[in-house]
Amino acid sequence: MTSKVFHRKSNVLLPKVVEARGAWCVDASGKWYLDGGSSGAGLTCLGHGHPAVMEAVQDQLRKISFMHGALFTSDPLEELAQELIDHAPAGLDRAFFTSGGSEAIEAALMMTRQYAVESGQDGRRTIISRRNSFHGATVMTLAVGDAGNRKRPFVPPSLETPKIAPTYAYRDKRDDESLEAYGARIADELEQAILREAPGAVLAFIAETVVGSSSGALTPPPGYLVRIRDICNRHGVLLILDEVYCGLGRTGHLHACQADGVVPDILVVAKGLAAGYAPIGAVLVGEALHDAIAGGSGSFKGGFTHSGHILSCAAALAVQRTVRREGLLQNVVKQAQRLEARLAERFAQHPNIGEIRGRGLMRGLEIVADRISKKPFDATEKISSRLSQACMEQGLLCNVASGTIDGTRGEHVLLAPPFIVSDEEIDELTARLAAALDNALGRAR
Ligand code: PLP
């Protein structure tokens with residue numbers, strides 16, 4: 001029977017997943033897969049089938065699953081907001097909910113603009129972001145993003161926004177500069193970009209704290225985000241940190257920006273929020289931004305039907321409480337050390353791995369044709385699709401992507417195992433990745 005699904009990938013025959021437990025899932029043929037990428041997208045951080053979440057969702061389902069957020073509030077919604085704000089960096093006081101990451105980024109962008117309009121700063125319209133960034137798959141989020149292959153067909157030139165350098169020390173740091181000096185140099189690109197616009201025209205700067213899918217776990221150089229914060233403050237520009245991928249524990253801190261000592265004006269989280277048990281994203285903002293809109297028009301214009309979906313909130317609340325109760329951030333830190341060591345053993349001298357990078361359980365391996373020149377493979381060799389296929393054959397789920405360097409050139413693997421991963425699973429994951437890499441590169445030669 002031909003499938004009636006409009007699959008996102010039409011050129012591959014997808015296996016059918018039937019069940020999952022912990023860090024493993026099984027397809028209809030009985031083949032098991034180890035989850036080295038939290039379901040391929042950094043999502044299922046609690047693993048599958050956690051009893052506390054299943055129980056909370058079932059309980060909530062018996063009471064009520066949905067009511068429109070313009071008519072009622074609910075306990076799961078109020079308690080989830082309280083939970084997030086109680087543990088958010090000081091200065092973030094309110095939570096707005098969406099169905100996922102793209103909607104949350106879109107809502108964040110709309111909030112900044114509405115805030116500007118309602119606080120007498122109508123001239124602020126420009127949003128600055130970084131080259132080769134990914135902030136979602138709606139047209140507005142693609143516009144502030146710069147993910148070449150994904151963006152090109154959709155965005156009219158009028159939606160192009162100014163871009164500054166990504167945090168990509170592996171390729172962009174000069175040999176004669178320290179990591180700190182490199183960070184300061186690329187942070188200063190933000191100030192230069194602001195000054196190129198008309199005075200008072202820049203609304204916001206958006207960036208991922210640790211870059212996820214577009215380039216494979218790029219971390220900010222020391223001092224970079226502090227300098228970015230200072231530039232934003234001096235120019236009245238709002239700082240939006242996209243922690244859709246890297247947030248809520250993935251890097252070993254609840255919020256990735258806590259490691260850098262920076263509090264954004266808006267913090268966006270999604271994937272780890274309900275960990276795949278339900279679709280949900282959240283936008284955390286300070287009281288000043290909230291009050292400008294609440295005390296102005298009194299109505300945020302970016303609400304969605306599913307904003308504050310009660311069942312999703314109940315799932316997210318159970319996930320966040322479970323992460324805390326079970327001390328899973330400690331396991332992230334512990335297993336991150338093991339993963340780092342295993343990856344170094346296997347790949348530090350590998351002729352086709354240029355760099356191993358990242359924080360916590362978010363690790364990227366950049367694939368190169370030549371380690372010395374850092375030259376990427378030619379796109380015609382299709383290394384990333386070969387490696388994706390080889391990983392599936394090995395029974396390993398992870399994110400293999402192309403466009404690492406500039407949206408078109410370069411390839412990487414992004415590993416993001418669930419927070420419940422064990423010692424044995426970390427070892428198994430690295431062994432399977434090594435076998436997949438051998439197979440993919442063997443075939444490429
Ligand atoms: N922002 C970042 C950094 C992401 O990694 C993603 C998804 O991968 C998004 C936004 C979009 O989130 P979603 O796919 O949930 O819409």
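The values are calculated or read from the model by the stated rules, or taken from the named source; none is laboratory data. In this text, all values refer to a predicted model and were calculated from it rather than measured experimentally. Don't worry about glycine lacking a Cβ; one is built from the backbone with ideal geometry, like all the others, and counts go over all protein chains shown. Note: accessible area is taken over every heavy atom of the protein model, side chains too, but ligands, DNA and RNA are not part of it. Shrake-Rupley method; radii C 1.70, N 1.55, O 1.52, S 1.80 Å.
On the given criteria, is Gly261 among the small types (Gly, Ala, Ser), buried (at least 24 other Cβ atoms within 10 Å of the Cβ) and under 30 Å from Gly327 (Cβ atoms)?
Working: among the small types (Gly, Ala, Ser): yes; buried (at least 24 other Cβ atoms within 10 Å of the Cβ): no; under 30 Å from Gly327 (Cβ atoms): yes.
For Gly261, the condition - among the small types (Gly, Ala, Ser), buried (at least 24 other Cβ atoms within 10 Å of the Cβ) and under 30 Å from Gly327 (Cβ atoms) - is not met.
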Is it the case that some residue within the stretch 225-236 is within 16 Å of the ligand (Cβ to nearest atom) and within 15 Å of Lys163 (Cβ to Cβ)? no
Filter result (open to solvent by 10 Å² or more (accessible area, probe 1.4 Å) and over 17 Å from Glu106 (Cα atoms)) within the stretch 273-285: Gly276, Tyr277, Ala278
Can you tell me which residue in the stretch 274-284 is farthest from Glu83 (Cα to Cα), limited to those that are more than 10 Å from the ligand (Cβ to nearest atom) and aliphatic (A, V, I, L, M)? Ala278
Any chance Ser119 is within 13 Å of the ligand (Cβ to nearest atom) and of a type in the set (Ser, Thr, Tyr): no
Members of the stretch 237-246 found to be within 16 Å of the ligand (Cβ to nearest atom) and either within 25 Å of Arg325 (Cβ to Cβ) or touching a residue at least 60 places away in the same chain (Cβ under 8 Å) (or both), listed by number: Ile240, Asp242, Glu243, Val244, Tyr245, Cys246
Just give me the residues in the stretch 78-125 being open to solvent by less than 30 Å² (accessible area, probe 1.4 Å) and over 19 Å from the mean Cα position of the chain (by Cα), in sequence order. Leu80, Ala81, Glu83, Leu92, Met111, Thr112, Gln114, Ala116
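Given the residues Pro222, Pro264, Pro166, which is the only one that is closer than 30 Å to Ser307 by Cα and modelled with pLDDT of 95 or more?
Being closer than 30 Å to Ser307 by Cα and modelled with pLDDT of 95 or more holds for just one of Pro222, Pro264, Pro166, which is Pro264.
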Answer yes or no: is there a residue in the stretch 326-337 that is within 19 Å of Leu361 (Cα to Cα), more than 21 Å from the chain's Cα centre (by Cα) and open to solvent by less than 60 Å² (accessible area, probe 1.4 Å). yes
Could you list, in sequence order, all residues of the stretch 183-224 that are among the hydroxyl-bearing types (Ser, Thr, Tyr) and within 16 Å of the ligand (Cβ to nearest atom)? Thr209, Ser213, Ser214, Ser215, Thr219
Of these, Ile85, Ile105, which one is on the phi < 0 side of the Ramachandran plot, within 11 Å of the ligand (Cβ to nearest atom) and in a helix (DSSP H, G or I)? Ile105
Please work out if Gly249 is within 13 Å of the chain's Cα centre (by Cα) and either over 30 Å from Leu328 (Cα atoms) or within 16 Å of the ligand (Cβ to nearest atom) (or both). yes
Checking Thr219 against (1) hydroxyl-bearing (Ser, Thr, Tyr); (2) in contact (Cβ under 8 Å) with a residue 12 or more places away in the chain; (3) out of contact with any strand residue (DSSP E or B) (no Cβ under 9 Å at 6 or more places or on another chain): exactly one of these is not met. Which one? (3)
Counting just the residues of the stretch 36-53 that are more than 16 Å from the ligand (Cβ to nearest atom) and in contact (Cβ under 8 Å) with a residue 12 or more places away in the chain, which one comes out farthest from Lys271 (Cα to Cα)? Ala52
